[in-house]
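The next block holds one structure in the form of structure tokens; read it before the comments.
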Amino acid sequence: MTRFGAEYYARYYGDGGVHDREKIAHLASAVHGMCAWWDVEPASVLDVGAGPGLWRDWYREKVVSTDVSEHACREYGHQLRDIGAWRPRSRFDLVVCHGVLQYPNDKAVTAAIDNIAAACRHVLYLEIPTTADLESVVDPDATDMDVHRRSGDWYRRRLNEHFIQAGAGLWVRKGGGVALYELERSR
């Protein structure tokens, strides 16, 4: 997929990009800490749309990293996989899908969510900018704005079939053994 070639990575992950190694280290530490709080020790991690591999590098071990970009797979060592078409055979304690699902069309995103759910044993970390985020939260100079604009409710309808939203991008798999207090769950 040429859209996600070397120029894309230089533009959005080079100097001035939104996410860098230090920011992802803070985020990964927080996600890992919440997993530990819920008695989930991520012994296996799937990083969907791994890009430059910042999550994979933070975990260092026990990670399967995938991307649809031939460039990213060649440059950063991921498996070439499209989560909209590929359903992993294994289940993972933690699935990370950071800044990915705003790119595919509606049908592919729905399939991707089903495939992510099938791969997720306990916890999903998910970041997707919604229409509201694109209008008022993200920095348009540092963010790829050529994406599908969908509401949070659009995503929630599909995610709620498989997950319970815990907040801060964390979703727990229904039946995945994580018990949340009432106020830890979003309605």
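Which shape class applies to the stretch 2-175: rounded if a/c is under 1.5, otherwise prolate when a/b exceeds b/c and oblate if not, where a ≥ b ≥ c are the square roots of the Cα gyration tensor eigenvalues? Please list the in-between numbers first.
On the way: a/c = 1.33, a/b = 1.16, b/c = 1.15.
Rounded is the answer for the stretch 2-175, as its axis ratio a/c remains below 1.5.
Rounded, prolate or oblate: which fits the stretch 7-105 when a ≥ b ≥ c are the square roots of the eigenvalues of the alpha-carbon gyration tensor, with rounded for a/c under 1.5 and prolate only if a/b beats b/c? List each step's numbers first, then the result.
Numbers: a/c = 1.87, a/b = 1.22, b/c = 1.54.
Note, shape of the stretch 7-105 comes out oblate.
Can you work out the FRET efficiency for the pair R87 and D15, with r the C-beta to C-beta distance and R0 = 41 Å, to the nearest 0.05?
Working: r = 37 Å, r/R0 = 0.90.
For R0 = 41 Å, the calculated efficiency reads 0.65.
For D141 paired with D153, estimate the spin-label separation in nm (one decimal), with each label point 7 Å from Cα along the Cα-to-Cβ line.
Each label point lies 7 Å from its Cα, and together they span 3.4 nm.
Nearest 0.05, what FRET efficiency do T131 and E161 give at R0 = 25 Å with Cβ-Cβ as r?
0.75
If I fit a long axis through the Cα atoms of helix 21-37 and take the longest principal axis of the Cα atoms of the chain, what angle between them do I get, 0 to 90°, rounded to 10?
The helix 21-37 is inclined about 10 degrees to the chain.
Which trypsin sites (Lys or Arg not before Pro) in the stretch 22-88 sit in a loop by DSSP (not H, G, I, E or B) and have at most 14 other Cβ atoms within 10 Å of their own Cβ? If you can, show how the numbers build up before the last one.
Details: sites: K23, R56, R60, K62, R74, R81; in loops: R60, K62, R81.
Qualifying residues, ordered by number: R60, K62.
Taking 0.36 nm per intervening residue step and subtracting the Cα-Cα distance, what contour gain separates K23 from L183 on full extension? Walk me through the numbers before you get to the answer.
Working: separation 160, 0.36 × 160 = 57.60 nm, distance 2.72 nm.
Result for the pair: 54.9 nm of gain on full extension.
FYI, it's all coordinate maths here, none of it is from the lab. On a predicted model such as this, the values are computed, not experimentally measured, just so you know. Cβ coordinates were reconstructed from backbone atoms using ideal geometry, including for glycine residues, and neighbour counts include every protein chain displayed.
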